[in-house]
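Asks: Following this message is one structure expressed as structure tokens.
Bear in mind that the values in this text are calculations on the coordinates, not laboratory data. Remember, predicted model here, so these are calculated numbers, not experimental data. Cβ atoms come from the backbone with ideal geometry, glycine included; neighbour counts cover every protein chain shown.
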Amino acid sequence: MGAWGIDVSVQFPLLPTLDADERYAVIYADPPWDYKGQLQHAGPGSGDSGGAVRHYETVKLQDLMDLDVPSISANDSLLFMWATSPHLDQAIDLGKAWGFSWATVAFVWDKQRVNPGFYTMSQCELCLVFKRGRIPTPRGARNVRQLVSEARAEHSRKPVEVRRRIEQMFPRQRKIELFARDADVHGWDTWGADIPHPQTERTFWQEQREAANT
Ligand SMILES: C[S@@+](CC[C@H](N)C(=O)[O-])C[C@H]1O[C@@H](n2cnc3c(N)ncnc32)[C@H](O)[C@@H]1O
């Protein structure tokens, strides 16, 4: 909601415009799931700054669904997508809305420490995999493990090991990371509001703020 109660629709940086043969066979996404319209905060005991620290904007499911991921996906492609446990149902709906069919849980990240939960003490986060068409070929390693046991770092930062394992599985395919925070990832294109634009060297958020102030 905007300051005057007007529903302001979410803005996204432009996705690449691609010819059919340039589309990505591997899409790796870490969406900023909406926590009931709240900004994503670090809660007490979260291991980083403790209090109500703002980390990033979140995006409602319908707005995520409107992102034109199908236009950058190859006919035979996989979508690897992180989902927090309370968002699992939304994640499956989102993968389907982007033109993929549900496959399985690709990775289980054991964060090596527990967080309080309403039911059990939570410790793991899941990276799901969805398929469009057929599994891309040629394939690489077929013995990559599902469980990644790695201590968590800064807020919502995912282990690099997961990207590394996807590379082992699909070394030859064009790959993009959506909602990425690092611009220069060898072998991957990256897209997200925190990535500096190659020409202006400003992030999408910086450009938005500057536009709002002029
Ligand atoms: C869950 S974090 C991704 C963390 C990342 N995978 C990592 O390991 O560091 C979600 C990211 O989406 C970005 N984001 C939020 N709203 C966005 C939007 N409208 N368009 C593009 N990116 C957005 C946030 O700024 C944040 O960088």
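Asks: Evaluate the charge dipole of the chain about its Cα centre and quote only its size in Debye, nearest 20, assuming +1 on the Cβ of each Lys and Arg and -1 on the Cβ of each Asp and Glu.
Replies: The calculated dipole for the chain is roughly 880 debye.
Asks: Can you compute the modelled spin-label distance between Q206 and R142, with each label point 7 Å from Cα toward Cβ, in nm?
Replies: 4.7 nm
Asks: Under the rule that an exposed site lies in a DSSP loop and has at most 12 other Cβ atoms within 10 Å, name the longest stretch of the chain with no GluC sites (Glu not before Pro) of that kind, not counting the sites themselves.
Replies: Details: sites that count: E154, E201.
Longest stretch, sites excluded: 1-153.
Asks: Taking only the Cα atoms of the range 60-103, how large is their convex hull per residue, in Å³? Spell out each step's value before the answer.
Replies: On the way: hull volume 3.1 nm³, N = 44.
Hull volume normalised by residue count: 70 Å³.
Asks: What are the equivalent ellipsoid semi-axes of the range 98-214, built from the alpha-carbon gyration tensor (square roots of five times its eigenvalues), in whole angstrom, biggest first?
Replies: Semi-axes (√(5λ), whole Å): 28, 23, 14.
Asks: Only counting other Cβ atoms within 10 Å, I'd like Y56, Y28, Y119 sorted with the fewest neighbours first.
Replies: Y119, Y56, Y28
Asks: Under the 0.36 nm per residue contour assumption, what length would be gained going from the current alpha-carbon distance of D184 and T120 to full extension?
Replies: Working: separation 64, 0.36 × 64 = 23.04 nm, distance 3.75 nm.
Using 0.36 nm per residue and subtracting the Cα-Cα distance, I get 19.3 nm.
Asks: Can you work out the Karplus-derived ³J(HN,Hα) for every residue in the range 122-132? Use 6.51 cos²θ - 1.76 cosθ + 1.60 with θ = phi - 60°, whole Hz, and x for glycine or proline.
Replies: These are the phi-based 3J(HN,Hα) values: 8, 9, 10, 10, 10, 10, 8, 10, 10, 10, 10 Hz.
Asks: Related question: Please arrange V10, V129 by how many other C-beta atoms lie within 10 Å of their C-beta, fewest to most.
Replies: V10, V129
Asks: As I understand it, the dipole of the chain uses +1 on the Cβ of Lys and Arg and -1 on the Cβ of Asp and Glu, about the Cα centre. Which of W98, S149, Q11 lies farthest toward its positive end?
Replies: Going by the charge dipole, the pick is S149.
Asks: Follow-up. So which trypsin sites (Lys or Arg not before Pro) in the range 108-214 pass both tests, a DSSP loop state and at most 15 other Cβ atoms within 10 Å of the Cβ?
Replies: For trypsin sites (Lys or Arg not before Pro) across the range 108-214 that sit outside H, G, I, E and B with at most 15 neighbouring Cβ atoms in 10 Å, the list reads R134, R139, R142, R145, R157, R172, R202.
Asks: From the phi angles alone, apply the Karplus equation (6.51, -1.76, 1.60; θ = phi - 60°) to the range 192-199 and give each ³J(HN,Hα) in whole Hz, x where the residue is Gly or Pro.
Replies: Each residue of the range 192-199 in turn: x, 6, 8, 8, x, 5, x, 7 Hz.
Asks: Oh, and also: Where Lys and Arg each count +1 and Asp and Glu each count -1, what net charge lies around I92 among other residues with Cβ under 15 Å from its Cβ? It would help to have the intermediate numbers written out before the result.
Replies: Numbers: positive: K96, K131, R132; negative: D89, D93.
Here the count lands on +1.
Asks: For the range 20-212, what number of Lys pairs, 8 or more residues apart or on separate chains, have alpha-carbon atoms under 22 Å from each other?
Replies: Qualifying lysine pairs in the range 20-212: 10.
Asks: Would the chain count as rounded, prolate or oblate if I go by the C-alpha gyration tensor, calling it rounded below 1.5 in a/c and otherwise prolate when a/b exceeds b/c, oblate otherwise?
Replies: Since a/c reaches 1.5 but b/c is at least a/b, the shape of the chain is classed as oblate.
Asks: Continuing with the same structure: In percent, what relative contact order does the chain have, based on Cα pairs under 8 Å that are 6 or more apart in sequence?
Replies: So the answer I get is 21 percent.
Asks: I've got another one for you. Which whole-number percent gives the relative contact order of the range 125-214, counting Cα pairs below 8 Å spaced six or more residues apart?
Replies: Computed over the range 125-214, the figure is 18 percent.
Asks: I've got another one for you. Given Cα pairs under 8 Å that are at least 6 residues apart, what percent is the relative contact order of the range 134-186?
Replies: With pairs under 8 Å counted, the relative contact order is 49 percent.
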